[in-house]
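Chemist: Below is one structure. I have some questions about it.
The values are calculated or read from the model by the stated rules, or taken from the named source; none is laboratory data. Just so it is clear, the structure is predicted and the values come from calculations on it, not from any experiment. Because the Cβ atoms are built from the backbone with ideal geometry, glycine has one as well, and the counts that use them run over all protein chains shown. Side chains included, ligands, DNA and RNA excluded: accessible areas come from the protein's heavy atoms. Shrake-Rupley method; radii C 1.70, N 1.55, O 1.52, S 1.80 Å.
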Amino acid sequence: MEKLVPVLLVFLAFHFLKAASQEFTYWWNIDCGSEQRRVDYNRSMMWFPDIWFITTGLNKQVPQKQPIEEMNTLRFFPNGSKEQSCYLVELTPYFTSYIVRAGFYYGNYDGLSRPPTFDLTINGKNWTTVNTTSSMGGGPIYHETIYVYHEYGMNVCLVQTREGEVPFISSMEFMEIENPLYTQMVPFPLTSDNDPNAAFHLVTRTNFGGPEVRFAMDNYSDSYNRIWTSGSTPKGCENVSTLPDLIEPLENAPPAAVLADSIASINASDPIILTIDLPPLDGPHPAYFIFYFSNPATQSPLSGIIDTRATHIYINGQLKSNITFEWGKSRVVTIDPVDVMGPTINITLAPDPDSNLPTMISGLEVFTRHYVKYEAPDPPRVRIVPNFGPPPSAATPLLLISVYIILAHLLLVVVL
């Protein structure tokens, strides 16, 4: 047994280094309505109260405890348009692209059973319309965009649009894109010469065939704090387990948890038909479609049959791509730009006539592009400069070091 101790310690060290080597970027996780900092040990991240980023509005706690801790409190703005319902977040470094996500959970906090609808803006430009009806009895609602951060700050405002309907917000998250992700939309590295002058609003990010996937400190979940919602299984399809290719890095770094599940057509000759709901748009907008595939099986030389999996991708009835898959290889296919407008987008994944294996898909992301001209937000009347030391994610490797040291000592105690 003593001979196994070095091996086990090396095993622990390997997993620590692999986890700690992830690119921890500057993430700001803001728990709106909360009054103190806290650590989410399940996801190894720190959440900050929003009092450092806003001076208006009132805090409230939802009546029933929610499994997602940041959805238990919110900030609401009862004075509507009479006050400036804006968060000012000063990020670093300048001229960097960020994933910005706002979360909302109504939970009948006011006892009125009237979930509101209101607008969300970012640096004075319309971001989206927030309809919180589904959060009355369901889970939280999220709105996400990829935005280029310029100097002077990022101003996120809630705007009342209906009389008597009070805007509120439960969480805000800012994740710096430090690695080359979504380079078809935002060049990497980003400079003043290749600034896209646009924001990219997330329409859907779906994990087909499996549960919701979020950030976690492992090599299986999402490493960039993205949320992959669990997709419904279309008619004529079934959920299947797939084995992701973990050797070759894939574009946009999809998590293994997404590639490990897929949906497949039950009959090899049938297509997979997906319908994507679009938010209200003021006319046609360029859209970016990112498809994630796993081709799981290994070809058997004993069968005497050459199995092939090939797929045609149609968007709103127009052929956009032909794909032939390699055995045991995962693949990412980006189609852009495609002009779209509401209320829905129809996607058809049709088998090639020479394909004798069912069509499959593991994940899908869709973004719409919205052109913006950068304008610096007005500075706040009271400049808030919180002194909270290292960025939220910086504490995570230290936590891991402590955990692995404790495990190593326990292992030695057991052996000796």
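Chemist: Which of the residues spanning region 157-179 are in contact with a helix residue (DSSP H, G or I) (Cβ under 7 Å, 6 or more places away or on another chain) and of a type in the set (Gly, Ala, Ser)?
Modeler: If the condition is that a residue be in contact with a helix residue (DSSP H, G or I) (Cβ under 7 Å, 6 or more places away or on another chain) and of a type in the set (Gly, Ala, Ser), then SER170, SER171 are the ones that fit.
Chemist: Further question on the same structure: For LEU158, state whether it is surrounded by 16 or more Cβ atoms within 10 Å (Cβ to Cβ), hydrophobic (A, V, I, L, M, F, W, C), in a strand (DSSP E or B) and touching a His at 6+ places or on another chain (Cβ under 9 Å).
Modeler: Numbers: surrounded by 16 or more Cβ atoms within 10 Å (Cβ to Cβ): yes; hydrophobic (A, V, I, L, M, F, W, C): yes; in a strand (DSSP E or B): yes; touching a His at 6+ places or on another chain (Cβ under 9 Å): no.
Spelling it out, it is not the case that LEU158 is surrounded by 16 or more Cβ atoms within 10 Å (Cβ to Cβ), hydrophobic (A, V, I, L, M, F, W, C), in a strand (DSSP E or B) and touching a His at 6+ places or on another chain (Cβ under 9 Å).
Chemist: Say we look at region 161-197 and pick out the residues that are over 17 Å from the mean Cα position of the chain (by Cα), surrounded by fewer than 22 Cβ atoms within 10 Å (Cβ to Cβ) and aliphatic (A, V, I, L, M); which of these is nearest to PRO280 (Cα to Cα)?
Modeler: Taking the candidates together, the pick is VAL166.
Chemist: Is there a residue in region 40-61 that is within 23 Å of the chain's Cα centre (by Cα), polar (S, T, N, Q) and surrounded by 17 or more Cβ atoms within 10 Å (Cβ to Cβ)?
Modeler: Filtering region 40-61 down to residues within 23 Å of the chain's Cα centre (by Cα) leaves 40-50, 53.
Subsequent filtering for residues that are polar (S, T, N, Q) retains 42, 44.
Now drop any that are not surrounded by 17 or more Cβ atoms within 10 Å (Cβ to Cβ), which leaves 44.
Among the residues of region 40-61, at least one is within 23 Å of the chain's Cα centre (by Cα), polar (S, T, N, Q) and surrounded by 17 or more Cβ atoms within 10 Å (Cβ to Cβ), which makes the answer yes.
Chemist: Further, regarding this structure: Restricting to region 21-39, what's the tally of residues that are modelled with pLDDT under 90, open to solvent by 90 Å² or more (accessible area, probe 1.4 Å) and under 30 Å from PRO78 (Cα atoms)?
Modeler: Residues that pass the stated criteria total 0.
Chemist: Looking only at residues that are of a type in the set (Ser, Thr, Tyr) and at pLDDT 95 or above in region 343-358, which one is nearest to LEU278 (Cα to Cα)?
Modeler: Narrowing region 343-358 to residues of a type in the set (Ser, Thr, Tyr): 344, 348, 355.
Restricting the remaining residues to those that are at pLDDT 95 or above gives 344, 348.
Details: THR344: 5, THR348: 17 Å.
Across region 343-358, the extreme among qualifying residues is THR344.
Chemist: Shifting gears a bit: Looking at ILE263, ILE273, can you tell me which residue is modelled with pLDDT of 95 or more and either open to solvent by less than 20 Å² (accessible area, probe 1.4 Å) or at positive phi (or both)? If you could, list the steps in order and put the result at the bottom.
Modeler: Details: ILE273 fails: either open to solvent by less than 20 Å² (accessible area, probe 1.4 Å) or at positive phi (or both).
Answer to the selection: ILE263.
Chemist: Which one of VAL258, VAL240 is in a strand (DSSP E or B) and either touching a helix residue (DSSP H, G or I) at 6+ places or on another chain (Cβ under 8 Å) or not aromatic (Phe, Trp, Tyr) (or both)? Don't jump to the end; show me each part of the working.
Modeler: Numbers: VAL258 fails: in a strand (DSSP E or B).
Selected residue: VAL240, the only one of VAL258, VAL240 that is in a strand (DSSP E or B) and either touching a helix residue (DSSP H, G or I) at 6+ places or on another chain (Cβ under 8 Å) or not aromatic (Phe, Trp, Tyr) (or both).
Chemist: Inspect region 303-314 for any residue being at pLDDT 95 or above and out of contact with any Leu (no Cβ under 9 Å at 6 or more places or on another chain) and give the result as yes or no.
Modeler: Here is the first cut: in region 303-314, the ones at pLDDT 95 or above are 311-314.
Then drop every residue that is not out of contact with any Leu (no Cβ under 9 Å at 6 or more places or on another chain), which leaves none.
No, region 303-314 has no match at all.
Chemist: Would you point out the residue of region 198-220, among those that are of a type in the set (S, T, N, Q) and either in contact with a Phe, Trp or Tyr (Cβ under 6 Å, 6 or more places away or on another chain) or in a strand (DSSP E or B) (or both), that is surrounded by the fewest Cβ atoms within 10 Å (Cβ to Cβ)? Working first, answer last.
Modeler: First pass over region 198-220, keeping only residues of a type in the set (S, T, N, Q): 204, 206-207, 219.
Subset that is either in contact with a Phe, Trp or Tyr (Cβ under 6 Å, 6 or more places away or on another chain) or in a strand (DSSP E or B) (or both): 204, 206-207.
Working: THR204: 17, THR206: 20, ASN207: 26.
Checked region 198-220; the qualifying residue surrounded by the fewest Cβ atoms within 10 Å (Cβ to Cβ) is THR204.
Chemist: Something else about it: List the pairs whose first member sits in region 173-195 and is touching a residue at least 60 places away in the same chain (Cβ under 8 Å) and closer than 28 Å to MET71 by Cα, whose second member is of a type in the set (Lys, Arg) and surrounded by 15 or more Cβ atoms within 10 Å (Cβ to Cβ), and whose Cβ atoms are under 7 Å apart, counting only residues at least 6 apart or on separate chains?
Modeler: GLU173/ARG101
Chemist: Can you tell me how many residues within region 65-113 are in a loop (DSSP other than H, G, I, E, B) and modelled with pLDDT of 90 or more? Reasoning before the result, please.
Modeler: Just the residues of region 65-113 that are in a loop (DSSP other than H, G, I, E, B), to begin with: 65-68, 72, 77-79, 83-85, 90-95, 105-113.
Retained after the next criterion (residues that are modelled with pLDDT of 90 or more): 65-68, 72, 77-78, 85, 105-113.
Qualifying residue count, region 65-113: 17.
Chemist: Across region 221-236, what is the total count of residues that are under 26 Å from PRO337 (Cα atoms) and either in a loop (DSSP other than H, G, I, E, B) or of a type in the set (Gly, Ala, Ser) (or both)? If you could, list the steps in order and put the result at the bottom.
Modeler: Taking region 221-236 as the starting set, the residues that turn out to be under 26 Å from PRO337 (Cα atoms) are 222, 224-232, 234.
Still in the running and either in a loop (DSSP other than H, G, I, E, B) or of a type in the set (Gly, Ala, Ser) (or both): 224-227, 230-232, 234.
Adding up the residues that qualify gives 8.
Chemist: Moving on. In contact with a helix residue (DSSP H, G or I) (Cβ under 6 Å, 6 or more places away or on another chain), part of a loop (DSSP other than H, G, I, E, B), open to solvent by 10 Å² or more (accessible area, probe 1.4 Å) and not charged (D, E, K, R), is that true of PRO280? Talk me through it step by step, then tell me what you get.
Modeler: Numbers: in contact with a helix residue (DSSP H, G or I) (Cβ under 6 Å, 6 or more places away or on another chain): no; part of a loop (DSSP other than H, G, I, E, B): yes; open to solvent by 10 Å² or more (accessible area, probe 1.4 Å): yes; not charged (D, E, K, R): yes.
The answer is no for PRO280.
Chemist: Let me ask something else. Identify all residues within region 100-140 that are under 20 Å from PRO67 (Cα atoms), open to solvent by 20 Å² or more (accessible area, probe 1.4 Å) and of a type in the set (A, V, I, L, M, F, W, C); write none if there are none.
Modeler: MET136
Chemist: To continue, here is another question. Take the residues in region 221-249 that are free of Cβ contacts under 8 Å to residues at least 40 places away in the same chain and closer than 20 Å to THR348 by Cβ; name whichever of them is most open to solvent (accessible area, probe 1.4 Å).
Modeler: Per the stated criteria, the residue is LYS235.
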